[in-house]
Structures are given as C-alpha cells and as structure tokens.
C-alpha cells in the first residue's frame, strides 16, 4: 500500500474489505450551503418546467412490496454540472479527488455522470438492493459512486443501506431487468432483501464512496422531512465500457490526471 493523500491506512483497508467507506471533512459549511442553495434552486426551476419529467421511481411488483403497496415517488435530475458551475466545483473538489485517488490507486480519474435525487416526505420511494454494474458495465469494474448527503440521513427518512463485502462476489444476476424489460435493475429480493442490509446513516456533508459492484439500496422515506442526495460516478481512465450505454454530457471529463487512451484514439482518428 503506497502513500495516501486523504484516507488513513485503516480506512483504506476498510474500503477494500467492505466495498464502501463513509468520510467527513471534505466539504466546508460554506461549500455545503452553496451546494444546497444551488440544488434547491435547480429543482424548483425544473419542477416548474416539467412536473412529470422529474419522476424516477422504479416500477414492478418487487418495488410495490417494499413500498408497502402505497404510492411512492422520487424526483431526479441528471448531469447537474450542465446546470450550474457550483456542481462543476463540487465534482472537482480537491479533497474528494484525493480520497478517490487513494481508493482507485490512480490519479487518472474520469467523470461518468452525476445525478440528484429528492425523496419527498412520507412517500419518498425506496430502492431495492442493486449493483450499478447492470446499468453501465465496465471491463475492469473500476467504477465508483460518491453519495453526497445533502441532509442528515437515517433509515426513517430514506437513507442508504449496503451489504458489506458484496463487491467481492462480482456481477450478480439481474432480476429487475427480467421484470421491467431491462429498464430497472435489481438483484434477487429473496436472497438480498433490503431488510437484510446494513443502514448507513450520515450527517449533511458526509459522503459514502462505494464500488458499483457493492449491493446497495435505500429505504422508504416515512419521515416528515425531505431527503436530498447528490451522486457522482467516476472511473479509472484505463477502464473501458462493455456496452455502448448510459451516455451523458461531459462523460469522460478528466477530473484529475490524464486520459492517455483518448489521446491515442484521437491521434489515430486524424491520421491520414
């Protein structure tokens, strides 16, 4: 294990064993206020533009069961860096990139996409246990998620849940794709119920970094408060997609280091 920029040796080992790590101290109070204000303003603006277009709750019989057969909803906006420079600064935060470099063991870090979810009070949609792998598989599985908590989060208000060490099993069978014509993806709810996962509560400003192979989901928001999150997905520049799927603006943006593969590809493209 080489020198680390942000993580302690114990945190690095914890991540390798469990497939996730919760970290604090990456964003200041002023930075979180700036992010929070820009976040709320964006959702207010987009809500006025397209009320139906923000719906992102999963469908299917398995979802109805964990949602207690009631109505549920979650609102989402993708590619936040295309809407405000505040989010561009967020994904380029030096402390965040230091932590990612420690985990990924490379300085060559590329953006895949960003996304924000709002779970409304009392009926904010849960998510079945799943691997992000099924949405955008990569050959070397270097893809990571950064879950920035915009509010204090617990199981009661729809917080995150994880199966420790599940990343070591590699890609698991996709059950959600069978039920929903490959629109939504989750693993076997009988084998990996949400109730069997470990809750990961967090304070506003804390992040959870996890492998896209780590089984994760989240609870129904039964509280009286909204739960907000901001997600950043990144990968090693040396990794390659298995499928030409999940394209998004700024995909491949170099957040740190360089992208030698793209340099070579572009050079070959213009050779006559």
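The values are calculated or read from the model by the stated rules, or taken from the named source; none is laboratory data. Remember, it's a predicted structure, so these values are computed and weren't measured experimentally. Don't worry about glycine lacking a Cβ; one is built from the backbone with ideal geometry, like all the others, and counts go over all protein chains shown.
Key figures
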{"read-out": "Selection within segment 77-129 - closer than 21 Å to residue 155 by Cβ and out of contact with any helix residue (DSSP H, G or I) (no Cβ under 7 Å at 6 or more places or on another chain)", "value": "117, 119, 120, 121, 122, 123, 124, 125, 127"}
{"read-out": "For residue 53: the one exception among (1) in contact with a helix residue (DSSP H, G or I) (Cβ under 9 Å, 6 or more places away or on another chain); (2) modelled with pLDDT of 90 or more; (3) surrounded by fewer than 13 Cβ atoms within 10 Å (Cβ to Cβ)", "value": "(2)"}
{"read-out": "Complete set of residues in segment 217-263 that are closer than 30 Å to residue 68 by Cβ and assigned to a loop (DSSP other than H, G, I, E, B)", "value": "219, 220, 222, 223, 224, 225, 226"}
{"read-out": "Near pairs, Cβ below 7 angstrom, 6+ apart or cross-chain, from segment 34-45 (farther than 14 Å from residue 117 by Cβ) to any residue that is part of a helix (DSSP H, G or I) and modelled with pLDDT of 95 or more", "value": "34/86; 35/86; 35/90; 38/86; 38/87"}
{"read-out": "Residue within segment 88-98 that is surrounded by fewer than 16 Cβ atoms within 10 Å (Cβ to Cβ), assigned to a loop (DSSP other than H, G, I, E, B) and free of Cβ contacts under 8 Å to residues at least 60 places away in the same chain present", "value": "no"}
